[in-house]
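A.B. asks: Below are the C-alpha cells for one structure; questions will follow.
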Amino acid sequence: MTLIEYFLLVFLFGAALSALFSRENLTSIISLSIFSTISAVLYLLYRAPDVALAQIVIGAGLYTAIFISAISQIRTDRQKNRPEDPLQ
Amino acid sequence: MKIFLLLVLFSGIGFLLIDNLRFLSNSGFSLGAATHYYVTQGFEQTGALNLVSSILYDFRAFDSLGESTVIFAAVSGIVSLLSRKTLPVSSHGLSIIVKRIFGILTPFLFVSGIYLILHGHLSPGGGFQGGVILGTISIVFCIVYGSSFDYTRYSPQSKTILEVSGALLFLAMGIIGIFLEGFFLANWFSSPERLGKLLTPGSIFGINLGVGIKIGAGLSIIFYSIIQKRIEGK
Amino acid sequence: MIEIKIVIAYLLMAMGVLFALTTVIGLFRFPDLYTRIHASTVSSTMSALCATAGLAIYLWDPLLSSKIILIGVLLFISNPMATHAIARASYRKKITLPTTNSPEERKGDFD
Amino acid sequence: MRLSFLLPLLIVLPLLTAFLIPLIDILAIALRKILVIISISLELVFSLSLLFYFSPLGKEKLPISYYLGGWEPPLGISLSLNHLGLIFSMLVSVSLFLITLYSLEYIEHHEGKYYVLLFVVLGAMQGVVLTNDLFNLYVFIELLTVASTPLVAFDRTSSAIEAGIKYIVYGLLGGLFFFIGIVLIYLSLGTLSLAEIALSFSSLPIPFQETVLIFFIISLTIKLGIFPFHFWLAKAHSSAPAPISALLSGVMLKLYLCVFLRLFWVVLDFPLMEASWLKSFVLYLALGSSLLGHLFAFQEEDLKRLLAFSSVGHIGIIVAVLLVNTPEALYGGMLHIINHLIMKSALFLDSGYFLQFTKSHLIKDLKGVFHYNRYLFASFVIVVLAMIGIPPLNGFFSKWYMLLAFVEEGIHLGGIVVILGSLLAIPYYFRVISYGISPCEEKPVVSLSQDPPPASLMIFTILALVVLTVVTGIFYFCLNPILDGAVQELLPLQIYPPFPGGS
Amino acid sequence: MEILTVIYIVLSGVSFIRFLTVPTIPDRLIVAEVIGILMAMAMLYLAAFFRLFYLVDLVLIYSILLFVDLLVFAKYFEHRELYR
C-alpha cells in the first residue's frame, strides 16, 4: 500500500503543477478538480472519511462552480471600454 | 527581485519544515490527554457515534460557530460588493436530454444531502458537507435549467431568511445549553440509552441542522451573486 | 453454490478492469475528439457497470448490494448524459471536426 | 464568580446582532438603527461591568475563566480574562461604540451589510482578546480578516477593490504561517490550550522551538505591517471609508499587538527568544520599520495615506519597546497602545469629516476646510499636537516612558528613533494644518456651495475622542492599577491562567 | 480487492498523462471524466477492502457530483458564461 501512496502523491503533484502552469483558465480548473479527487482518495487511504467527504463535496461540487462563475466574469480585451466600473 | 525574495523566503521555510518534521517523525507524534479522552469517553459523553462530529459540534463547538460565521461574513461581503448589478434571468439551459436526466438525478442528490445532515452524528458527514450538497443543487438548477428556474422559485430574500434562521438555530442550541446544563454550547444529551438513535435529544443534531441550512443557503447566495452580469446594451 | 457466486463476481470484476484498460488504450490511440468520446463513454460506462455488479455479487448483502447497484445505475444514466453535453458543446464550438462525414451535411441530426 | 457568563456573552451578542440584521432588513428597515444602537450600548455596558466587577477597582480578583460547553481546558475551549484582556476588551468596546455611532451618519449605501460586517468584526475582536485556545484564536483571526475585507473595499472604486484584494491576500498569507505554527505545536505537544502549551513548551528541543517562533513572528510581521511587509497596509487603510480606517489602523493593529503580547510573553518561551538572535533581529527590524514609516509619511501627498504610514511608524516603535522587556518598557508600550488607539481613531474620523468637503484626499486640496467647522479643526490640531508629543497631552507621556526604557537598557538607536519620529511628525502634520487654515479664495473647493450635512453624532464622537485624548493625557496615572497588573502578568515566571477556580 | 484498487488508480494515473498531451479542451474534459470514473471505482474497491461500508455513500455522492462538475465545464465551454 505504501507504493500506491507514493504513486498517488506523484499524481497529486502532477495535477497541482498542471493547475499552476497551464495556459487556459479552464484547464487549470479541470486540473484542480482532478487534484481534489486524488486527495480524496488519499484521505480514504488514511481512513479519514469525514475529511474525504468534505474534500469531495467541496472540491468536486463547489470549487469548480464558484471558480468557473468567477472566471466567467473576467473581461476580455474586446469588452474593456467601461473604465468607470471595476467590477464589470 | 520580488520573486527572488519570495523564493528565498519560501525555500527557507520549506527547509525548516522538512527539518522539523523529520524531528517529529523521529520522536513520534505526541497525542495528548485530550485525544485519549475523546477516543475513550467520547461516545458516552456526547451521544454521537461519529467522533469527528462530536469533536466539531460538541467539544469544540465554539470553533464551529466561528467558522460558520466566516461563511456568513463572506456571504455578506460578497453581496455587498457585487450587488449593484441586476440578475439577467434566462431559461435556456442545456439540452433536453440533460434536463430530463437531471430531473431523475436531483432527488438523489437532495436525499443524500438531507441524509448527511440528519445522520451527522451517526455516520461520516455532517452539517457542512450536507449543506454544501444542498447548495450544489441550487447551482445545478442554474446550470441545467437556466438561471430563472431557481431565481423565480426561491428569491434571494427567502434564501437570506433560511441562512439567518440556520445561524440563529445554532445560537439557540447554545443558549438552550445554558438553561439545561449551565454552560453556553453545552450538549444537552442526557440519556445514554439513546446512543445511536437518529433523534437523539442533543444539541449536535440541532447544530448539524442549523449549519446545514445555513451553509446551503449561503453558498447558493454566493453563487447567484457571482454570476450576475449586466446585459449588454441595457 | 457459493463458489459459483464468487466466480461470477470475479469474472465481472475482471471484465470491468478489461473495459477500463480498453478505455485508456482508446484514449491514447484514437485520432480525434469524437472517436475518443466513443472510447471513453462506451467502455468506461461498461466498466463501471461490470465493476459495481461484480462487487455487489461479491458482497451479497441486501442493503449494501442495492446501494452499489444504485451507483452503477446512476453512472449508467449520467455518464452518457455528461458526454452528450460535452460533445454538443464541442460541436457548437466547431472543434476538431472530423474530416469525413462533415457536420454541415448532417446538420439536422445533431440538434 | 457568578458574572463570568459575561465572557461568552461579549462574543455572542455581536454575532447575534449580526445574524439578526438581515432579518430585520427584510421585515422593517426602520428598526435597524435601533437594534444597532441597543446592541452596541449593551456591549459597552457589559464591558464596563466587567471593569467594575472584576478589576482591581472591583470585588473579584482577576483572572477568571469560563469553560464553554462545560469541558475542562484540555478537552474543550475555554475563555479567560486577565488584566491584559481586560484592557483590550475595554478598548475594543469603547472604540467600536464610538465608531458605530460615527458610521450611523457616515455610511450611505448598503447599510445593512455594513453593520453585519461591523458586528462580526466586533465579535471576532472580542474573541481574539478573550479566547484561551490556540486554534480558536486562529479561527477568530481569520474571521477578522474575512469580515474586514469587504469593509476595506466598501467604496467599490477600483483603488478600493485593489486595496481589498491586497489586504485579503496578505491577511491570508499571515494566517497561513500562523496555521503552520499551530500545526507544529499540536503535532509535538498534542494540546491546543494556551495554558498547557505555556506549561510544556520549554520541554521541546531548542531548534524546534525556534522554528515555531519564526513562523509566528513571520505571521505577526505580516499582520502588523512591519518593514518587509509594510506596503499593503497604507493602501488598505487609506482607501477604506473613514470609520473603517479608524477601525483598521486604530483598533485592529492593536489587537494583533495583543496577540503578539499573549503569544510571545506568556505562551511561547520568551527567555529563549531573548537568548537567541530572534529578539534583537525583530527589535531592530521594528525600529527600522518605524523610521521608514515616518519617512514615507513625510513625503506623502495623500492625507489618509499619510496617517496610515504614521501608523506604521508608531506600530514599529511599540513593537520595539515591547521587546525591550523591562517593566518600564512594557508599561510605556501599553500606554502608547492605548494613546495611539485614541489619537489615530480621532485623526481618521476627523479627516473623514473634513474630506467630505474636498474633491480628493490630497493635502493640497484641503485648502480652507478650516472654515467649515472651526471647533472640529481645533480638535484636529489638538490631536495632532498629542501625536507629536506636546507635554500636557497623552502622546507625550507614553513617548517619554518609551524613551526612558530605551535609554535605560542602552538601546540608543531606539531613543533616537523616538525623537526622530516626533521631529519628522512636526512638518508633515503642520503642512496639513497650514493648508487647512489657508484661505481658499483663488481656488474654491468643489463642494463649497453645499451646506455641511447634519452630523451631530459624528461631531459628538470626534469630540469624545478628543476629550479622551486630553483626559488620558492629564490623568494617565488613573490607568496605573490595570496597567501594572498587565505588566506583572507579562513579566517572566508568571503562569498564564489558573486552572482551578473557574466558573 | 487491493489489487483492483491499485489497477484502477494506476490506470487513472496513466490517463492523466494523456490529459497533459491532449490537444483541445473537450478532450481534457473527456479525460477528466474517465479519471473521475476510474477513481470512483477505486474508492469503491477501497471501501470493500477496508470493510468500511459507509464509504459507499461517499462514492454515491461523488458519482453524482462528478457529472455536475462536467456539466459546469461543458456549459462554460459552450457559452463562456453560466447564467444562460
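A.B. asks: Please give the Cα centre distance for the range D:246-275 versus the range E:21-84, rounded to the nearest Å.
C.D. replies: Measuring centre to centre over Cα atoms gives 46 Å.
A.B. asks: Using protein heavy atoms only (no ligands, DNA or RNA), what is the total accessible area buried between E and B, 1.4 Å probe, nearest 100 Å²? Write down the numbers at each step before the final one.
C.D. replies: Numbers: alone 6160 and 14360 Å², together 18780 Å².
Protein heavy atoms only, the E-B interface buries about 1700 Å².
A.B. asks: In nanometres, what is the gap between the two model label sites at E:Arg51 and B:Ile114, each 7 Å from Cα along Cα-to-Cβ?
C.D. replies: 3.4
A.B. asks: Using a ≥ b ≥ c from the Cα gyration tensor of the range A:2-73 (square roots of the eigenvalues), is it rounded, prolate or oblate, where a/c under 1.5 gives rounded and otherwise the larger of a/b and b/c decides, a/b for prolate?
C.D. replies: Since a/c reaches 1.5 but b/c is at least a/b, the shape of the range A:2-73 is classed as oblate.
A.B. asks: How big is the C-E contact in terms of buried accessible area, both chains counted, 1.4 Å probe, rounded to the nearest 100 Å²?
C.D. replies: Accessible area lost upon association: around 3600 Å².
A.B. asks: Which entries in B:Lys99/C:Lys94; C:Lys67/E:Lys75; B:Lys214/D:Lys166 show an alpha-carbon gap greater than 27 Å?
C.D. replies: On the way: B:Lys99/C:Lys94 23 Å; C:Lys67/E:Lys75 30 Å; B:Lys214/D:Lys166 29 Å.
As for pairs spanning more than 27 Å Cα to Cα, those are C:Lys67/E:Lys75; B:Lys214/D:Lys166.
A.B. asks: Continuing with the same structure: Quick one: which residues, 5 or more positions from D:Ile64 or on another chain, have an amide H under 5 Å from its amide H? H modelled 1.01 Å from N in the peptide plane, none for Pro or chain starts.
C.D. replies: Under 5 Å from the amide H of D:Ile64: D:Leu81.
A.B. asks: About the Cα centre of the range B:31-226, what is the dipole size in debye to 20, counting +1 per Lys and Arg Cβ and -1 per Asp and Glu Cβ, all else neutral?
C.D. replies: Using only the charged Cβ atoms, the result is roughly 740 debye.
A.B. asks: Still on this structure, please answer the following. Measuring from centroid to centroid over Cα atoms, what is the spacing of the range D:85-121 and the range D:1-39 in Å?
C.D. replies: With the range D:85-121 and the range D:1-39 each reduced to a Cα centre, they are spaced 12 Å.
A.B. asks: Cβ under 14 Å from D:Thr191's Cβ, D:Thr191 left aside: what net charge do those residues give with Lys, Arg +1 and Asp, Glu -1?
C.D. replies: In short, -2.
A.B. asks: Using +1 at the Cβ of each Lys and Arg and -1 at the Cβ of each Asp and Glu in the range B:31-226, identify which of B:His92, B:Tyr154, B:Ser220 lies farthest towards the dipole's positive end.
C.D. replies: B:His92
A.B. asks: What are the ³J(HN,Hα) couplings of the range D:409-416, residue after residue, when phi is run through the Karplus curve with 6.51, -1.76, 1.60 and θ = phi - 60°? Round to Hz, x for glycine and proline.
C.D. replies: Karplus-based 3J(HN,Hα) across the range D:409-416 equals 7, x, 9, 6, 4, x, x, 4 Hz.
A.B. asks: Still on this structure: Taking the Cβ of E:Leu44 as the center, what net charge do the other residues with Cβ under 12 Å away carry, scoring Lys and Arg +1 and Asp and Glu -1?
C.D. replies: Working: positive: C:Lys67; negative: E:Asp57.
Value of the local net charge: 0.
A.B. asks: Something else now. Using only the Cα atoms of the range B:31-226, construct the convex hull and provide its projected area averaged over every direction, in square nanometres to one decimal.
C.D. replies: Answer in nm², one decimal: 12.6.
A.B. asks: Arrange the residues D:Thr461, D:Thr157 by how much accessible surface each exposes, largest first, with a 1.4 angstrom probe.
C.D. replies: D:Thr157, D:Thr461
A.B. asks: If you place +1 on the Cβ of every Lys and Arg, -1 on the Cβ of every Asp and Glu, and leave all else neutral, what size is the dipole of chain D about its Cα centre, to the nearest 20 Debye?
C.D. replies: Charge dipole of chain D: 560 debye, to the nearest 20.
A.B. asks: Sticking with this one: Provide the per-residue ³J(HN,Hα) series for the range D:270-277, in order, calculated from phi with Karplus coefficients 6.51, -1.76, 1.60 and θ = phi - 60°, each as a whole number of Hz, with x at glycine and proline positions.
C.D. replies: Each residue's phi maps through the Karplus curve to give 5, x, 4, 5, 5, 6, 8, 6 Hz.
A.B. asks: Now, a different point. Please check which bits of the range D:195-216 a label hung off B:Arg22 would reach, taking the label as a point 7 Å along Cα-to-C-beta and the cut-off as backbone N under 19 Å.
C.D. replies: Residues passing the 19 Å test: D:205-212.
A.B. asks: What do you get for Rg/Rh of the protein assembly as shown when both radii come from the Cα atoms and Rh is the Kirkwood radius?
C.D. replies: My calculation of the ratio gives 0.99.
A.B. asks: Looking at the range D:1-109, which trypsin sites (Lys or Arg not before Pro) are DSSP coil and have at most 15 other C-beta atoms within 10 Å of their C-beta?
C.D. replies: Values: sites: D:Arg2, D:Arg32, D:Lys33, D:Lys59, D:Lys61; in loops: D:Lys59, D:Lys61.
Those satisfying the criteria are D:Lys59, D:Lys61.
A.B. asks: With the other protein chains left in place, how much accessible area per residue, in square angstrom, belongs to the range A:2-73 at a 1.4 angstrom probe? Mind dumping the intermediate values first?
C.D. replies: Values: 2950 Å² over 72 residues.
Dividing the accessible area of the range A:2-73 by its residue count gives 41 Å².
A.B. asks: Can you give me the solvent accessible area of E:Phe77 with a 1.4 Å probe, rounded to the nearest 10 Å²?
C.D. replies: E:Phe77 has an accessible surface of roughly 10 Å² with all protein chains in place.
A.B. asks: While we're here: Let a ≥ b ≥ c be the square roots of the eigenvalues of the Cα gyration tensor of the range D:52-184; is it rounded (a/c under 1.5), or, if not, prolate (a/b larger than b/c) or oblate?
C.D. replies: Oblate, because a/c is 1.5 or more while a/b does not exceed b/c.
A.B. asks: Additional query: So if I place +1 on the C-beta of Lys and Arg and -1 on the C-beta of Asp and Glu, and nothing else carries charge, what would the dipole magnitude of the range E:2-79 be about its Cα centre? I want it in debye, nearest 20.
C.D. replies: Charge dipole of the range E:2-79: 80 debye, to the nearest 20.
A.B. asks: Follow-up question, since we're still on this one. Exposed loop sites here are GluC sites (Glu not before Pro) in DSSP loop states with at most 11 other C-beta atoms within 10 Å. What is the longest stretch of chain D lacking them?
C.D. replies: The reported range is D:109-440.
A.B. asks: Work out from phi, with θ = phi - 60° and the Karplus expression 6.51 cos²θ - 1.76 cosθ + 1.60, the ³J(HN,Hα) of each residue of the range E:36-49, listed in order in whole Hz, and give x for Gly and Pro.
C.D. replies: x, 5, 5, 5, 4, 5, 4, 4, 4, 5, 5, 4, 5, 6
A.B. asks: Using a 1.4 Å probe, what is the accessible area per residue for the range B:82-132, in Å²?
C.D. replies: Normalised by residue count, the accessible surface of the range B:82-132 is 40 Å².
A.B. asks: Once B and D are treated as a pair rather than alone, how much accessible area drops out, both sides summed, in Å² to 100, probe 1.4 Å?
C.D. replies: 4800
A.B. asks: Taking K and R as +1 and D and E as -1, what net charge do the other residues with C-beta under 13 Å from the C-beta of D:Cys258 add up to?
C.D. replies: Computed value for this residue: +2.
A.B. asks: Does the range E:2-79 come out rounded, prolate or oblate by the C-alpha gyration tensor, with a ≥ b ≥ c the root eigenvalues, rounded set by a/c under 1.5 and, if not, prolate when a/b is larger than b/c and oblate if not?
C.D. replies: Since a/c reaches 1.5 but b/c is at least a/b, the shape of the range E:2-79 is classed as oblate.
A.B. asks: Follow-up question, since we're still on this one. Taking the Cα centre of each part, how many Å lie between the range B:154-186 and the range D:395-432?
C.D. replies: First find each Cα centre; the distance between them is then 50 Å.
The values are calculated or read from the model by the stated rules, or taken from the named source; none is laboratory data. Being a predicted model, the structure only gives us computed values, none of them experimental. Methodologically, a virtual Cβ is constructed for each residue, glycine included, from the backbone with ideal geometry; neighbour enumeration extends over all protein chains shown. We work out accessible area using only protein heavy atoms, side chains counted, and drop any ligands, DNA or RNA first. Shrake-Rupley method; radii C 1.70, N 1.55, O 1.52, S 1.80 Å.
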